[in-house]
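Heads up: the structure comes next, in structure tokens.
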Amino acid sequence: MDFVLGGVAACGACLFTNPLEVVKTRMQLQGELKSRGTYQIYYRNVFHAFYTIGKIDGLAGLQKGLVPGLVYQMCMNGVRLGSYAIIESLGYIHTDGRVSAAKSTVAGAVAGVVGAVMGSPIYLVKTHLQSQATSSIAVGHQYKHRGMMHALMDIHKQHGILGLWRGASAAVPRVSVGSAAQLSTFSASKELVTDLQVFSEGSWLIALSAGMISSVVVVSAMTPFDVISTRLYNQPVDHLGKGILYKGFADCFSKTLKKEGMTGLYKGLGASYFRLGPHTILSLVLWNELRTLYYSR
């Protein structure tokens, strides 16, 4: 049940944050491997990107990749949050009855690795679909998938079962770092807010406050990994299914840093916060409340 509750909570958050995921993906691909000032800027900031996509691709364009997004959240976060909940309930993140920063960080990272590997094929398809745009505002490589199932079958047909896990080398560090930062901070913050007695015991405002603290830490730690992950998943491939632009995580990191500087690793930072921030807060609060409701009954 912990796996189901984690997945349902993440899906609930995804319904509201998917348009921001589309914006974030486009901004991370804009000016890929090009120095500043040498490429056309279609998306000046989060709000301009939101307006541009809505105007040219329509409102449906802002919800591109919603189906694989929901499937990914159910699969990846169901496994990730469910695994962490089990580890927590068994007492492995505590030392002398208090949350251990080291233990909760390791537990969050392990849960993230499991979730990342499980959800990688769906994240691949989601990235392809969210980057697809009208030619006048297209950035990055443009795939021509008609939907989630068509994309999965097409990738499998061309590159085999392993082709569906292309980009997993970036997904694992991305999700493990994000998960470690998110869950360890959430557990520690929830304990801190409870100790301060700002809110009554068991109040949903405790989880909300902890989620808000966690969201800032997550975005700061995760954005560079998120940029690398988006680019590895979306890059064009040859007939053998090997990436044309990057050989792997380290190659993508070094090329991005060399061509675009440190700011290249933080492209779409504003969009990342507007997406990851609310998603972190909503998913953690929903997850906490669903678990409280389920186990209280």
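The values are calculated or read from the model by the stated rules, or taken from the named source; none is laboratory data. Every value quoted in this text rests on a predicted model; they were computed, and no experiment measured them. All Cβ positions, glycine included, derive from the backbone under ideal geometry; neighbour counts span all protein chains shown. To get the accessible areas, we keep the full protein, side chains included, count just its heavy atoms, and leave off ligands, DNA and RNA. Shrake-Rupley method; radii C 1.70, N 1.55, O 1.52, S 1.80 Å.
With N as its number of residues, the stretch 90-213 has a Cα radius of gyration that, divided by 2.2 N^0.38 Å, comes to 1.45. Centre-to-centre, using Cα atoms only, the stretch 203-230 and the stretch 23-75 are separated by 20 Å.
If you take the Cα centroid of the stretch 133-194 and the Cα centroid of the stretch 107-126, the two points sit 8 Å apart.
The coefficient of translational diffusion for the stretch 56-127, derived via Stokes-Einstein from the alpha carbon Kirkwood radius under 10 °C and 1.306 mPa s, stands at 116 µm²/s.
Across the stretch 190-297, Cα-Cα pairs farther apart than 17 Å form 64% of the total. Lysine pair count for the stretch 1-119 (Cα-Cα distance under 28 Å; residues 8 or more apart in sequence or on different chains): 6. Among His159, His239, the sequence by solvent-accessible area, most first, with a 1.4 Å probe is His239, His159. A Cβ-based charge dipole, computed about the Cα centre of the chain with Lys and Arg at +1 and Asp and Glu at -1, lands at about 1060 debye. Between Gln40 and Arg146, the modelled label-to-label distance comes to 2.9 nm, taking each label 7 Å out from Cα in the direction of the beta carbon.
Comparing Ile41, Leu290, Gly268 along the charge dipole axis of the chain, the residue lying farthest to the positive side is Ile41, per the Cβ-charge model. Other residues lying with their Cβ under 13 Å from the Cβ of Ala111 contribute a combined charge of 0, Lys and Arg counting +1, Asp and Glu -1. Cross-link pairs exceeding 22 Å between alpha carbons, from the set Lys144/Lys259; Lys126/Lys259; Lys126/Lys242: Lys144/Lys259; Lys126/Lys259. For the stretch 195-257, the equivalent ellipsoid derived from the alpha-carbon gyration tensor has semi-axes of 42, 12, 6 Å in decreasing order.
Once you keep just the Cα pairs under 8 angstrom separated by 6 or more residues, what percentage relative contact order results for the chain?
Here the relative contact order equals 27 percent.
If you take all other residues with their beta carbon under 11 Å from the beta carbon of Asn18, and give Lys and Arg +1 and Asp and Glu -1, the sum is +3.
Residues considered: Gly270, Gly160, Gly65. Largest GNM mean-square fluctuation over the chain, using C-alpha springs under 10 Å, is found at Gly160.
Of Trp287, Trp204, the order by accessible heavy-atom surface (1.4 Å probe, DNA, RNA and ligands excluded), from most exposed downward, is Trp204, Trp287.
Above 27 Å, the calculated P(r) of the chain contains 40 percent of its Cα-Cα pairs.
FRET efficiency for the pair Leu257 and Gln158, taken as 1/(1 + (r/R0)^6) with r the Cβ-Cβ distance and R0 = 30 Å, rounds to 0.45. Computed from point charges on the beta carbon alone (+1 for Lys and Arg, -1 for Asp and Glu), the dipole magnitude for the stretch 96-187 about its Cα centre is near 140 Debye. Electrostatic tally near His141: other residues with Cβ closer than 13 Å to its Cβ, Lys and Arg +1, Asp and Glu -1, net +2. Rounded to the nearest 20 debye, the dipole magnitude of the stretch 1-54 is 360 debye, with +1 charges on Lys and Arg beta carbons, -1 on Asp and Glu beta carbons, and the Cα centre as origin.
For the stretch 174-297, relative contact order (Cα pairs under 8 Å, six or more residues apart, normalised by length) works out to 30 percent. Rounded to the nearest 10 degrees, the angle from helix 46-56 to the longest Cα principal axis of the chain is 50 degrees. Rounded to the nearest 10 degrees, the inclination of helix 2-29 to the longest alpha-carbon principal axis of the chain is 40 degrees. The C-alpha atoms of the chain define a longest principal axis, and helix 269-296 lies at about 40 degrees to it. The simple spin-label model puts a point 7 Å past each Cα toward its Cβ; for Thr95 and Leu192 those points are separated by 1.7 nm.
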